[in-house]
Every structure is written in structure tokens, then in C-alpha cells.
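Nothing in this text is a laboratory measurement; each read-out follows from the coordinates by a stated rule. Here the structure is a predicted model, which means the values were calculated and not measured. Backbone-built Cβ (ideal geometry, glycine too); neighbour counts: all protein chains shown.
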Amino acid sequence: MEKKILREKIMRVIFQMEAHGIFDYEKLDIIEEDKKIINNKRAIEIFQLIKDHHLDIDKIIEEHTSGWTINRISKTDLAILRTAVAEMIYVKEIPIAVSINEAVDIAKKYGNERSFAFINAILRKIGEDIE
């Protein structure tokens with residue numbers, strides 16, 4: 001599966017986690033078109049990272065949003081941010097710039113007209129702190 005498509009599918013499952021309040025991908029009733037992703041090694045790694053660290057990831061996101069709380073961020077934007085931040089912090093073989101660029105592209109497709117700029121700004125701040 002192409003990496004760009006994989007990231008989109010991962011983000012959609014992360015969105016479903018938030019929507020259902022279940023951060024355990026193994027217990028989540030995933031929509032049919034996304035079920036194949038559960039067998040992908042990279043996807044499982046990201047899902048496990050979200051399962052194990054979503055509170056830490058959310059804290060990092062909140063610290064870089066200039067006063068926004070997690071509850072104020074749209075579920076779509078939050079899913080994109082969680083996916084990217086998990087990669088940026090815990091998956092060292094993916095360059096930070098790649099995670100940011102892919103997140104921005106996904107935001108352009110799934111978010112509102114301002115999502116990509118919002119996500120880009122937050123992830124760039126996080127990336128600077130990581131580096």
C-alpha cells in the first residue's frame with residue numbers, strides 16, 4: 001500500500017478512535033473499508049503508539065496550539081495531528097519534514113479551508129522542539 005494512502009487510512013482509524021472514545025484499535029469497531037489496515041505493520045505500530053501515548057501526544061499538541069484545548073480542535077484535525085505527532089516523536093526512521101508535509105496534504109483533503117495552515121503551524125512548532 002502506498003505510504004500516502006496508508007497515512008490517510010491510519011488517520012481515519014484514529015478519527016474513529018476519537019469519535020468512539022476508544023483508543024484501543026483492537027476493541028474498535030472499524031468501518032469496513034478501513035479494516036484491511038489492521039493487518040499492516042506500520043499501521044499497527046502507529047495505532048499502538050496512539051493507544052499507549054495518546055494523553056502525552058495530546059499534551060504536546062495542546063502545548064503548541066497557543067491556548068487551544070484538545071476539545072476545541074476538530075476531530076479531523078486532531079486525528080491528523082495525533083498521527084503526525086506519533087510519527088514525529090516515536091518513529092525515528094521517518095523524517096520530521098515528511099510527517100509534517102504528509103499531514104498538511106491530508107488536511108487539504110479532509111479538513112476545512114484553514115486546517116492545513118493550522119496543522120502546519122502546530123507541527124512546525126513541535127518539530128522545532130524535537131530537533
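Checking the cross-link pairs LYS3/LYS125; LYS9/LYS51; LYS27/LYS108; LYS27/LYS125; LYS41/LYS92 against a 26 Å limit on the alpha carbon distance flags LYS27/LYS108; LYS27/LYS125 as lying beyond it. A simple spin-label model places the labels of LYS4 and LYS125 2.9 nm from each other, with each point 7 Å out along Cα-to-Cβ. Translational diffusion coefficient of the chain (Stokes-Einstein, Kirkwood radius from Cα pairs, 37 °C, 0.692 mPa s): 227 µm²/s. Gain on full extension, evaluated as 0.36 nm per residue between GLN48 and ARG72 minus their Cα-Cα distance, stands at 6.2 nm. Counting every other Cβ atom within 10 Å of each residue's Cβ, ARG114, ARG7 order from fewest to most as ARG114, ARG7. Length gained on full extension, ASP24 to LEU55, computed as 0.36 nm times the residue gap minus the Cα-Cα distance: 9.9 nm.
Here's the picture: charge each Lys and Arg Cβ at +1 and each Asp and Glu Cβ at -1 in the chain, and of ILE10, ASN112, ILE61 the one pushed furthest to the positive end of that dipole is ASN112.
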